[in-house]
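The values are calculated or read from the model by the stated rules, or taken from the named source; none is laboratory data. As the structure is a computational prediction, the values presented were derived from the model and not from experiment. We place every Cβ from the backbone using ideal geometry, glycine too, and count neighbours over all the protein chains shown. All accessible areas refer to the heavy atoms of the entire protein, side chains included, with ligands and DNA or RNA removed. Shrake-Rupley method; radii C 1.70, N 1.55, O 1.52, S 1.80 Å.
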Amino acid sequence: MSRLAETRPVGGPFDDPGLLVDLRFGRRALLFDLGDLSGLGQRERLRVTDAFVSHAHMDHFRGFDTLLALGLHRPGTLRLVGPKDFADRVAAKIAGYTWNLLDETTPDFSVVVDEFFDGAVRRRTRFPGRRAFAREAADPPALSPGLVHDEDDFSIEAMALDHGIPSLAFALQERRRINVRRDALDRRGLPVGPWLTAAKRAVRRGDPPDTEIATDDGRRLRLGDLLDDVLSVGPGLRVAYVVDAAPHDANVAAATALARGADRLYIESAFATEDLALAQRRLHLTAGIAGRIARAAGVREVIPLHVSPRYLDRPDHVPAQLRAAFAPP
Ligand SMILES: [Zn+2]
Ligand SMILES: [Zn+2]
């Protein structure tokens, strides 16, 4: 089973957009956008370590306070990624509260903000709780251009779309998907247990076939003998998240490139296809354009987000247009 256990929208299609990515074995979760987080349980909110914010319009950022309030009571770091000057928006939110009770004795909690612009993460700002969140500049993380996150099992790419302001779209790419074949385990009389996690980690690292893997009951096996038998390796999951973007060709091309080959594309479908003029004025996509992006990118599944409440009386109107444009009859 993969570490990327689940991706699910934080709310319904008419709510603030947002996506929860649950990392089952890391006991962590990631969020794309920080709108209204009331659709998450408290345990899910407590697991969020990193949030990737498309832009600082209120419906994408008002949930920051929720995570900040939770963080105050436990040591750790909440890492945020956003567009250029995002740290100023975070600083302004923090400045809205009084912090006289924070000092060196309070839990060591910090907010770290990375800004993605000109195609890379170029600025990092730290807000340490023990210093009443006074902002300090830090070295940006060493990430390849185009990436906003990189760890053993997956990376996250970003692309700035035009929404009058930069609006970041994201794609999470799992490196490799490693599955355990229960029938093969049973055939060889091997136990289920933590050793399988270690074996999968060795595969992800690209360890050589002669690497010795110890099972929980003390047997020693060659990694190469487990591959293509007990462990099957396939391409990793790709999940793309595209929200607020003006309905023009440059955005369509950029979003299509980012979503290319995704297993799941979560995409804003703010306006109905017949309301293109309105979508152009408000700098949002229509369902028809979102569906064409999904089709051109060759995604396997497309899920609508951020549908305008003007269609609340016809809840399936916009999603049906998205489906039709994605897979015309
Ligand atoms: Zn917006
Ligand atoms: Zn929005």
Whole-angstrom gap from segment 243-309 to segment 104-155, using each part's C-alpha centre: 29
Relative packing of 204-212, 245-253, which averages over residues the other C-beta atoms within 10 Å, highest first: 245-253, 204-212
C-alpha center-to-center spacing [segment 49-96, segment 164-204] in angstrom: 30
Sequence-separation-based contact order of the chain, relative, with Cα cut under 8 Å and 6+ spacing, percent: 12
For peptides 190-202, 258-270, 10-22, 71-83, sequence by mean Cβ density within 10 Å, most packed first: 258-270, 10-22, 71-83, 190-202
For segment 176-235: rounded, prolate or oblate by the Cα gyration tensor [a/c cutoff 1.5]: oblate
Alpha-carbon Rg with Dmax, taken over the chain, Å: 21.7, 67
Computed over segment 1-143: relative contact order in percent, which uses C-alpha pairs under 8 Å that are six or more apart: 15
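Which whole-number percent gives the relative contact order of segment 179-329, counting Cα pairs below 8 Å spaced six or more residues apart?
It rounds to 19 percent for segment 179-329.
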Coordinate range along principal axes, alpha carbons of segment 1-143, Å, largest first: 40, 36, 31
Projected area, mean over directions - segment 81-195, Cα convex hull, nm²: 11.5
Segment 73-190, accessible surface, carbon-and-sulfur percent (1.4 angstrom probe): 48
Average accessible surface area per residue within the chain, 1.4 Å rolling probe, Å²: 45
Full-extension gain in nm, R182 to D108, via 0.36 nm per residue minus C-alpha separation: 22.3 nm
